[in-house]
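The values are calculated or read from the model by the stated rules, or taken from the named source; none is laboratory data. Quick caveat, the model's predicted, so the values are computed rather than measured. Note that we place each Cβ from the backbone using ideal geometry, even for glycine, and neighbour counts take in every protein chain shown. Ligands, DNA and RNA are excluded from the accessible area calculation, which covers all protein heavy atoms including side chains. Shrake-Rupley method; radii C 1.70, N 1.55, O 1.52, S 1.80 Å.
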Amino acid sequence: VAADRVLVIDGGMGTELQRRGVPMDEVVWSGAAVLSHPEVVRTVHEDYIRAGADVIITNTFGSTRQMLGGAGLGAQVAQIHRSAVALAQEARAATTDRVTIAGSLSPSPPRFDRQAYPPPEEELAVYRESAQLLADSGVDLIALEMLEDTVHAPRAMRAALETGLPVWLGVSCRRVGGRIIRFSERSEEVLLADILDVLIPMGPDVVTIMHSEIDAVSEALTMVRERWDGPIGVYPESGYFTPPNWNFVDVISPHDLAREARGWIDNGTLLVGGCCGTGPEHIRALARPRLRPS
């Protein structure tokens with residue numbers, strides 16, 4: 001990034017697991033897959049690396065205690081985090097050492113029900129536990145994903161920063177009535193601008209627009225650049241979610257994602273990839289030939 005080299009992030013993990021036959025859980029989505037289907041998780045990582053990813057993200061999006069506890073897996077929080085990182089490390093060892101491992105941490109609640117959060121101090125402790133488990137297991141950075149509000153997201157951000165590792169702030173958004181708001185549809189509307197105004201001053205190392213509608217990305221990028229002069233990344237979603245499964249409907253083609261990414265890169269983005277709905281073929285299109293700033 002410091003050399004203005006565009007880096008490629010991997011594609012969706014949970015949706016790729018689903019595509020390969022791994023059942024999604026109603027409470028934790030793909031969070032338990034490292035226990036039930038470790039070989040598939042490792043293979044997905046390997047396929048993304050071989051497609052050209054510079055960064056792979058651990059399958060820990062749904063692995064906080066508040067998520068796993070809701071599925072009766074609270075006693076296995078540490079095991080799941082350590083296994084998820086180990087699978088990513090094994091994939092890297094089997095392919096190339098020139099890959100960064102990002103530990104995913106999300107403040108999403110069980111069943112994505114925003115009435116299910118624990119009390120504030122307990123919630124902060126949940127994020128601290130996950131962040132430290134990821135750090136102790138050997139990730140290179142913490143990738144905060146789907147930070148969508150000004151109450152719970154700062155707690156996750158605080159926990160990540162306390163590890164001392166580099167931290168990616170990942171915000172998710174969509175366009176509604178001419179406004180760019182939080183992505184989650186089952187929650188009250190929160191403006192992306194308000195989220196950025198709270199989280200960017202906390203001091204991330206990279207700001208990413210992730211799991212966001214593609215037609216909202218350009219305006220969201222403008223909003224980020226107005227507040228942030230550091231590295232920016234984009235890895236959007238495509239399709240739609242009907243809990244607990246992803247619907248691969250009208251998923252953007254690899255060619256079209258690469259074309260969109262060309263525009264984001266020309267506007268200063270240095271990290272590009274895909275989130276839910278995208279797969280290794282999308283990452284291959286981004287990496288070969290590798291897109292560079294014009």
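General observations
- With all protein chains in place and a 1.4 Å probe, the accessible surface of segment 1-119 carries 46 percent carbon and sulfur.
- Helix-only arithmetic for the chain: the sum of -39500 (n - 2.57) across DSSP H runs with n ≥ 4, divided by the residue total, places the mean residue ellipticity at 222 nm at -12000 deg cm²/dmol.
- Taking packing as the residue-averaged number of other Cβ atoms within 10 angstrom, the listed peptides 64-70, 23-29 run from highest to lowest as 64-70, 23-29.
- The amide H of GLU148, built 1.01 Å from its N in the peptide plane, has ALA153 as neighbours under 5 Å, considering only residues 5 or more places off or on other chains.
- Stokes-Einstein D in µm²/s, Kirkwood radius over Cα pairs - segment 143-236 at 4 °C with 1.567 mPa s viscosity: 100
- Under a 5 Å amide H cut-off, with hydrogens placed 1.01 Å from N, PHE241 pairs with ASN247 among residues at least 5 apart or on other chains.
- Relative contact order (percent, whole number), segment 184-239, Cα cutoff 8 Å, 6+ residue spacing: 42
- Of the residues ALA93, GLY103, ILE200, the one whose Cα sits farthest towards the positive end of the charge dipole of the chain is ALA93 (charges of +1 on Lys and Arg Cβ, -1 on Asp and Glu Cβ, taken about the Cα centre).
- Working value for segment 238-287: equivalent-ellipsoid semi-axes of 22, 11, 9 Å, each the square root of 5 times a Cα gyration tensor eigenvalue, largest first.
- Solvent-accessible area per residue, Å², over the chain with all protein chains present [probe radius 1.4 Å]: 38
- Once the convex hull of all Cα atoms in segment 33-118 is built, its volume per residue stands at 89 Å³.
- Calculated diffusion of segment 1-76, Stokes-Einstein form, Kirkwood radius summed over Cα pairs, 10 °C and 1.306 mPa s, µm²/s: 119
- Taking amide H as placed 1.01 Å from N in the peptide plane, the amide H of ALA143 sits under 5 Å from that of GLY103, SER104, LEU105, TRP168, each at least 5 places away or on another chain.
- For the chain, DSSP calls about 25 percent of its internal beta bridges antiparallel.
- Rounded to two decimals, the Cα radius of gyration of segment 121-280 over 2.2 N^0.38 Å is 1.02.
- Segment 1-148 - convex hull of the alpha-carbon atoms, volume per residue in Å³: 115
- Accessible surface of segment 137-253, 1.4 Å probe: 49 percent of it comes from carbon and sulfur atoms.
- Burial order of peptide ranges 160-168, 34-42, 83-91 (average beta-carbon count within 10 Å, highest first): 83-91, 160-168, 34-42
- Segment 157-294: relative contact order as a whole-number percent, Cα under 8 Å and 6+ apart: 20
- Cα pair distances exceeding 38 angstrom across the chain, given as percent: 3
- Based on Cα contacts under 8 Å between residues 6+ apart, the chain shows a relative contact order of 22 percent.
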